[in-house]
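Worksheet: one structure, shown below.
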Amino acid sequence: MTRTAETLRTANAPAPIISARDVGKIFGGGSVVALQGASFDVAQGSFVSLVGPSGCGKSTLLRLIAGLIERTSGSLSVHGRDITGPHTDVGLMFQKATLLDWRTALENVLLPTEIARTPTAEDKRRAFDLLKMVGLGDFAFSFPSQLSGGMQQRVALARLLQTGADVLLLDEPFGALDEFTRERLNVELMRIVAEVRATTVFVTHNIVEAIFLADQVVVMSPRPGRISAIIDVPFERPRTLSLQTSVEFNRIVEEVRTTLGEH
Amino acid sequence: MTAGADRAPALRRAATHAAIFLSLIAAWEVGAQAGWLDPLFFPAPSAILASFWRIYVVQMNIWPHLGVSLGLVFAGFAIGSILGVGLGAVVGLNALVRRFLQPYVIVMEATPRIAVAPLIIAAVGFGAQSKIAIIMLVCFFAPFINTLSGVVNVNEDRLQLFRSMGASKWQILRKLVLPDAVPVIMAGERLALTAALSGVLVAEFIQRDQGIGALILTYTRNLNMPSAFACIFTLTAIGFAIFKGMEILDRRVAFWTNEEGLRRVGLARAAAHATLAGGRHG
Ligand SMILES: Nc1ncnc2c1ncn2[C@@H]1O[C@H](COP(=O)(O)OP(=O)(O)O)[C@@H](O)[C@H]1O
Ligand SMILES: [Mg+2]
């Protein structure tokens, strides 16, 4: 099941959406090697989890893909385009919802459109529909401080979808929420990304969550940050929470644990 | 608990306050009448009240002074705080300028602004201009420092989010940095307007030609203490009005910092988009 990046490419495979070759990032003039020799492809419409302990370069990798920081080595492209700076091919979501406190949920969702152009009635309708899709149709005119943490992340998810980007980069999006809310949001996230046919890179340090959501789990390790394995998760979709109790699922959990060096 | 039960202790508290206040005034009055209190320092409340009547209603001589002083306060405040916010934003947004200005800002902040007042008069000369300049000076710093820090302390995740949406520098400023800084800028404006009131008095104490400060000096020189007190209590009322007015303005402008503002604006925005929300029933 463990493969290297080289074996990912087969002759007749469609071109990957995200393609990374030997990507490295060094911070602070050589003092911190945040990422080293990262190679992987992400296929159209697939869901990839990045899992690993704190400091192994997960957020760095995500920011590199978004073009928010510059890589120090290697090549990296999205949709076949070399990444040289911030670009709108990807949408971002962080652990903190980073909503604007002075905007209603609806206005927050509309923000990406406002930045691109003057929103039309159709844009507003779409933003409203997205809020309904994440279960917040009744809270369109609430402000972030009037919403719970889980609801705020739902708004952030709707905003992410409003960007229209077909590549979603999520950095521990539900990491600050309680277990119960997180499980529910994970299931909804799977439904929603399948519905909008997005390609998703999902960062987490929760192994079960990483496997449950993903088609591929990229296992990372720290000092220096690097990819130690890419593991396929072959389960059918849609998946339900009961999958997590199956023998095959737990075999993969074991495999990831072993790779991470936790026994 | 019923509303009536809630109101009763509040009423009782108000009554207690009123009783204490009236007792103090009565004691003051009795002490002054009996000659226990030096009338030079503690003129009788009844005498102060009579002075209020005289200077506001009979002679009406306080009105022009009041008008002059308040005009200066608002002119100096407007110019000083606009300069403060503008320069604060420019300095805050420009890392290079900020680095070079930092030490000077610290030195200037540590210097009591009032100390410079005589120098301003020497430079600008007597008259309204130098008074406005003094008020500008005392009004400048709080908005300047607050705007600067508000603009500098932008959340890094939010900034990255805007960049990834393809936002221009101008959009980042207008849609993220400035609104984010509004509450702290408003706090600076509150400080500035309060400082303006002190500023105008200092200016008028130095140039004793007109204004409420000059009037206080005149009354004091003539040992007309009840009238001087009437002027001082007038300033108390103005200071309180400024404080309350700015508080209300603050809560309206930075509406998202208080429950009531969120509710009010939320309802307004919902009403503005009634067709959109209505769509889900139809
Ligand atoms: N802006 C930065 N400057 C210096 N070092 C950084 C910066 N961002 C991240 N790092 C370092 O790079 C390493 C990887 O960080 P990060 O990608 O945030 O890890 P993760 O998200 O997996 O927890 C860590 O050692 C971190 O301290
Ligand atoms: Mg991280």
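The values are calculated or read from the model by the stated rules, or taken from the named source; none is laboratory data. Owing to the predicted nature of the structure, the values given are computational and were not obtained by experimental measurement. So basically every Cβ, Gly included, is an ideal-geometry build from the backbone, and we count neighbours across all protein chains shown. These accessible areas exclude ligands, DNA and RNA; they are computed on the full protein's heavy atoms, side chains included. Shrake-Rupley method; radii C 1.70, N 1.55, O 1.52, S 1.80 Å.
In table form, for the structure just shown:
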item	result
For chain A, calculated [θ]222 nm from helices alone, where every DSSP H run of n ≥ 4 adds -39500 (n - 2.57)	-10500 deg cm²/dmol
Selected from A:Phe128, A:Phe143, A:Phe27 as most flexible by GNM, with chain A as the system and alpha-carbon contacts under 10 Å	A:Phe27
Probe 1.4 Å, accessible area per residue of chain A, Å²	42 Å²
Sites B:Leu173 and B:Asn222 - FRET efficiency at Förster radius 60 Å, r taken between beta-carbons, to 0.05	0.60
Most mobile of B:Ile106, B:Ile238, B:Ile79 in a GNM of chain B (Cα contacts under 10 Å)	B:Ile106
Loop sites in region B:111-216: chymotrypsin sites (Phe, Trp or Tyr not before Pro), DSSP, at most 12 other Cβ within 10 Å	B:Phe126
Potential extension, A:Val32-A:Asp129 segment - 0.36 nm per residue separation minus Cα distance	30.5 nm
Inter-site label distance for A:Ala121 and B:Ala50 at 7 Å from Cα along Cβ, in nm	7.3 nm
Region A:65-212 shape via C-alpha gyration tensor axes, a/c threshold 1.5	oblate
Accessible surface of region A:114-192 [probe 1.4 Å, protein heavy atoms]: carbon and sulfur percent	51 percent
Of A:Arg197, A:Arg71, A:Arg117, the one that fluctuates the most in a GNM where chain A has Cα springs shorter than 10 Å	A:Arg117
Cα gyration tensor shape for chain B, rounded if a/c is under 1.5, else prolate or oblate	oblate
Estimated FRET transfer efficiency (A:Arg257, B:Tyr104; beta-carbon r; R0 51 Å; 0.05)	0.30
Column: log10 I(q)/I(0), Debye, Cα scatterers of region A:95-164, q = 0.15, 0.28 Å⁻¹	-0.38, -1.35
Scattering profile of the protein assembly as shown at q = 0.08, 0.09, 0.10 Å⁻¹ [log10 I(q)/I(0), Debye over alpha-carbon scatterers]	-0.73, -0.83, -0.93
Other protein chain Cβ atoms within 10 Å, averaged over every residue that makes up A:108-116	3
Distance (nanometres) between label positions extended 7 Å along Cα→Cβ at A:Phe180 and B:Phe126	7.7 nm
Across A:Lys132/B:Lys175; A:Lys96/A:Lys132; A:Lys96/B:Lys175; A:Lys124/B:Lys175, pairs whose alpha-carbon gap is larger than 23 Å	A:Lys132/B:Lys175
Cα gyration tensor shape of region B:1-112, rounded if a/c is under 1.5, else prolate or oblate by comparing a/b with b/c	prolate
Pair B:Val116, A:Arg237: separation of 7 Å Cα→Cβ label points (nm)	6.3 nm
Antiparallel bridge percentage (DSSP; both residues within the protein assembly as shown; nearest 5)	55 percent
Gain upon complete extension [B:Ser23, B:Asn258; 0.36 nm per residue less C-alpha separation]	80.9 nm
Residues of region B:90-125 with amide N under 15 Å of a point placed 7 Å along Cα→Cβ from B:Asp209	B:121-125
